[in-house]
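Before any comments, here is the structure.
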Amino acid sequence: MADTMTVAAGDKIRCDACPVMCYIKPGAAGACDRYANHDGTLVRVDPHVVLERTLSHGGKLVPFQVSGDWDGKIVRQPDLFVTAIGAGTTYPDYKPAPFIVSSEVDGVDMVTVVTEGIFSYCGVKVKIDTDRYLGPETATVRADGEAVGHVTTSEYGSQMLSLGGVHHLTGGSKKEGRVTCDTLMDLSNCKAVELVIDGGATVVVQAGKPPIVNGVAEERMRVGCGSATIGMFAKQWHGKVDEVVVVDDHITGVLSEHQAGKLLDIADTGIKMKGRRSTPGRYFQVADPGTGWGGTNISDPLSILGPFNAKEARPGLTMLMVSTTGEHASYYVLDEALRPVETEMPADLRFSVERIQENCEPALCTVLFMGGAGGSLRAGVTDNPVRLTRSVKDALTRVTSGGAPVYVWPGGGITFMVDVTQMPAGAFGYVPTPALVAPIEFTMRLSDYAALGGHVDYVRPLSSLRDSAEVRPMPFLPGRRA
């Protein structure tokens, strides 16, 4: 499929699909491995992908109406959807998008404009489900020794990384840009990548898979903070144990002091906690962050306790200490000196620990590709690019990436994020400028496309692609990689 201008140089041809402008020998591919010289013609190596939304490919129906003529589809949609994967690019951007395809949906004429965008301004946001300490906030994240991003804010049971961006792609050394591009492409294509965090952990990240922290695969993310865990399970502990401490790097919970314990009339135990007391039964900074109990650096939970108050404590008082994932748990009984002595845990308390584990979600890595579809890419859609931006903001134009739904950020430009696990395999490529190549599709009414100054002379019917050698059909299973 020749979709870009070529210039001959002897037996070589010059590709202008990106700013590198490779001279390509016959039978060879360019530096991006996306374009090749085939008998003197520049061709796109990967065929253009069309998603087929059909039951024959295993799509599931979700019935909500017993009778009638409903065909099982929640939203009416065409049987074929033209993605930008393999379509080619608009570079050098004065020309229309590679494919501008018309179709009819429920009697309405629609058009989908598809382009493989070249994104120097892009990155990935990584959510890692773990309580284990990965590194200090703003710490540099490295791949192959090169800085590729940083640790950002920790959220509820997950650690967040922000990787890529134009600073790392273009603002550092040549090697930093190359490694950053490779890292972003591998993560976006759902491949495993090893990342090392300055002052922290080594973590293997792969979209849709559990993280591996310092060589140990994470199994579950926490059920909640220590206080939330107290609230959820207080009734199950009532009458079975005198005190419960849920160890958490962020908010450690203490049953007898917690409002849940007060409402259940649980007596004071004389427990003394280290750390900074917040509201009753909630403690901050009981230990430093780490890979031990509840995301702290401790291996002995008793280290966060001070001496019990003899006015309230008594010999024989029982205490359960448990982490927010249930991975760590110990049972204690106070001796005559009011010192906790570890003892075999009763079966009913073991059950409550297992219930905490059951309520933990599986620990996974989530990778969101984020790019700014502004600049000249929009010129491939319309002669007046700002109208495309306005059409997206007015919800007249739907943006997708490889057929997957995206989130478009409010504010200026078309800045979008997409879950890479929702996209077909191998959806991302690169050019050695360096920049990532990502699919993007704009779908709207044909009348709206004409109104925004679209390249209507380049519209071609969907039927012209159905049996074309230019395209490769691909099954589409919602919620799964095709």
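Listed values, structure above:
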{"read-out": "For segment 394-452, fraction of C-alpha pairs farther apart than 19 Å, in %", "value": "42 percent"}
{"read-out": "Which listed pairs, of Lys125/Lys209; Lys272/Lys311; Lys240/Lys262; Lys25/Lys174; Lys95/Lys393; Lys125/Lys175, have C-alpha distances above 18 Å, in listed order", "value": "Lys25/Lys174; Lys95/Lys393; Lys125/Lys175"}
{"read-out": "Long-range amide H partners of Ala373 with built H, under 5 Å", "value": "Ile414, Thr415, Phe416"}
{"read-out": "Farthest positive-ward along the chain dipole, Cα basis, beta-carbon charges - from Tyr133, Phe99, Thr291", "value": "Phe99"}
{"read-out": "DSSP loop chymotrypsin sites (Phe, Trp or Tyr not before Pro) with at most 16 other Cβ within 10 Å: longest gap in the chain", "value": "157-482"}
{"read-out": "Relative contact order of the chain, pairs being alpha-carbon contacts under 8 Å that are 6 or more residues apart, as %", "value": "19 percent"}
{"read-out": "Using θ = phi - 60° and Karplus 6.51 cos²θ - 1.76 cosθ + 1.60, couplings along segment 116-124 (whole Hz; Gly, Pro as x)", "value": "8, x, 9, 10, 7, 9, 7, x, 10"}
{"read-out": "Segment 180-257, relative contact order [Cα under 8 Å, separation at least 6], %", "value": "18 percent"}
{"read-out": "Global form of segment 110-187, assessed from the alpha-carbon gyration tensor, a/c cut-off 1.5", "value": "oblate"}
{"read-out": "Segment 336-348 - phi-based ³J(HN,Hα) in whole Hz, Karplus 6.51/-1.76/1.60, Gly and Pro as x", "value": "5, 8, 6, 9, x, 10, 5, 9, 4, 6, x, 4, 5"}
{"read-out": "Table column - 3J(HN,Hα) (Hz), segment 417-432, Karplus curve with 6.51, -1.76, 1.60, x for Gly and Pro", "value": "10, 9, 6, 5, 6, 8, 9, x, 4, x, 6, 10, x, 8, 10, x"}
{"read-out": "Largest-first principal axis extents of the Cα set of the chain (Å)", "value": "93, 63, 37"}
{"read-out": "The chain: calculated mean residue ellipticity at 222 nm from DSSP helix runs of at least 4, using -39500 (n - 2.57)", "value": "-4000 deg cm²/dmol"}
{"read-out": "Simple Cβ-charge dipole of segment 96-160, Lys/Arg +1 and Asp/Glu -1, about Cα centre, in debye nearest 20", "value": "340 debye"}
{"read-out": "Residues with amide H under 5 Å from that of Leu338, placed H, sequence gap 5 or more", "value": "none"}
{"read-out": "Surface per residue (accessible, 1.4 Å probe) for the chain, Å²", "value": "45 Å²"}
{"read-out": "Segment 134-226 - charge dipole about Cα centre, Lys and Arg +1 at Cβ, Asp and Glu -1, debye rounded to 20", "value": "120 debye"}
{"read-out": "Segment 400-421 and segment 267-335: distance between their alpha carbon centers, rounded to Å", "value": "44 Å"}
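The values are calculated or read from the model by the stated rules, or taken from the named source; none is laboratory data. On a predicted model such as this, the values are computed, not experimentally measured, just so you know. Counting neighbours? That spans all protein chains shown, and the Cβs are built from the backbone with ideal geometry, glycine included. Calculation scope for accessible area: heavy atoms of the full protein, side chains included, ligands and nucleic acids excluded. Shrake-Rupley method; radii C 1.70, N 1.55, O 1.52, S 1.80 Å.
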